[in-house]
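Read-outs throughout are calculated quantities, based only on the coordinates presented, and are distinct from any laboratory measurement. Keep in mind that what you see is a predicted model, and the values were worked out from it rather than measured. No Cβ is skipped: glycine too gets one built from the backbone with ideal geometry, and neighbour counts run over all protein chains shown.
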Amino acid sequence: MIETLKSYLDTYDDHGDGFVRMEDYGPYRSRNSGYWMASYFICWGMGIILSEEDRESIREYDITMGNVFGLTNDYFSWSVEKDQQTDRVRNGVRVLMKEHNIPADVAKVMLLGVIIEQESKAAKLKEERLRQPVSEQVLRYFQAIEFYVGGSCYWHATAPRYQIPE
């Protein structure tokens, strides 16, 4: 538990604002967003114990769900973050702007496409995993993570703090 929290705090405090490619930003963002810490606490709180074999069998799915989680926050928080006076705006919209030399409105639409692609990828990865024998713990984990990420995405879409007219 302590290692998970330490890893999150180390990543959270890292100045990760120099990214110019989404492929580099994605893994950083899922760690920085707190996805891995939250998934750890979900397992702990629900008594979900995944074997190393189970963890490895859903690793790519978990990474993809972390991408959905972090990038959805970026999408909905951009309208607030873009004008903040800070030395560290960590946002996929900004990364896409730099990577493709495009304006913010185009980058935001592009980010939405990336999120949808990641959601589709997660669904396919889960479907593939369910074609094999699966433990009760993995089934519970799938359900818990989908509720967590889905609920978080809903919150970001409806939170008053992000409802700023553009």
>> Under the rule a/c < 1.5 gives rounded, and otherwise a/b versus b/c splits prolate from oblate, where does the range 1-162 land using the Cα gyration tensor?
In response: prolate
> Which net charge results for the neighbourhood of residue 49, defined as the other residues with beta-carbon distances under 15 angstrom from its beta-carbon, given Lys and Arg at +1 and Asp and Glu at -1?
Replying inline: -3
> What dipole magnitude, in Debye to the nearest 20, does the range 73-143 give about its Cα centre under +1 on Lys/Arg Cβ and -1 on Asp/Glu Cβ?
Replying inline: 200
> Got a sec? Charge dipole of the chain, +1 on Cβ for Lys and Arg, -1 for Asp and Glu; which of 141, 26, 164 is way out at the positive end?
Replying inline: 164
> Cα gyration tensor of the range 115-166, axes a ≥ b ≥ c as square roots of the eigenvalues: rounded (a/c below 1.5), prolate (a/b > b/c) or oblate?
Replying inline: oblate
>> Per 0.36 nm of contour for each residue apart, how much would the distance between residue 157 and residue 53 grow if the chain were fully extended, relative to their Cα-Cα spacing?
In response: 33.9 nm
>> Suppose we look only past 21 Å in the calculated P(r) of the range 42-105. What percent of the Cα-Cα pairs does that tail hold?
In response: 44
> Across the range 66-75, in residue order, what do the Karplus-derived ³J(HN,Hα) couplings come to in whole Hz, using 6.51 cos²θ - 1.76 cosθ + 1.60 with θ = phi - 60° and x for Gly and Pro?
Replying inline: x, 5, 4, 4, x, 6, 5, 4, 4, 4
>> Output the 0 to 90 degree angle, nearest 10, between the alpha-carbon long axis of helix 104-130 and the longest principal axis computed from the alpha carbons of the chain.
In response: 10
> Rounded to the nearest 0.05, what FRET efficiency do residue 60 and residue 84 have when you use their Cβ-Cβ distance and R0 = 41 Å?
Replying inline: 0.75
>> Counting only pairs 8 or more residues apart or on different chains, how many lysine pairs in the chain have their Cα atoms under 24 Å apart?
In response: 4
> Computed FRET efficiency, Cβ-Cβ of residue 46 and residue 100, R0 41 Å: what is it to the nearest 0.05?
Replying inline: 0.50
> When Lys and Arg each count +1 and Asp and Glu each count -1, what net charge do the other residues less than 15 Å away from residue 159, Cβ to Cβ, add up to?
Replying inline: -1
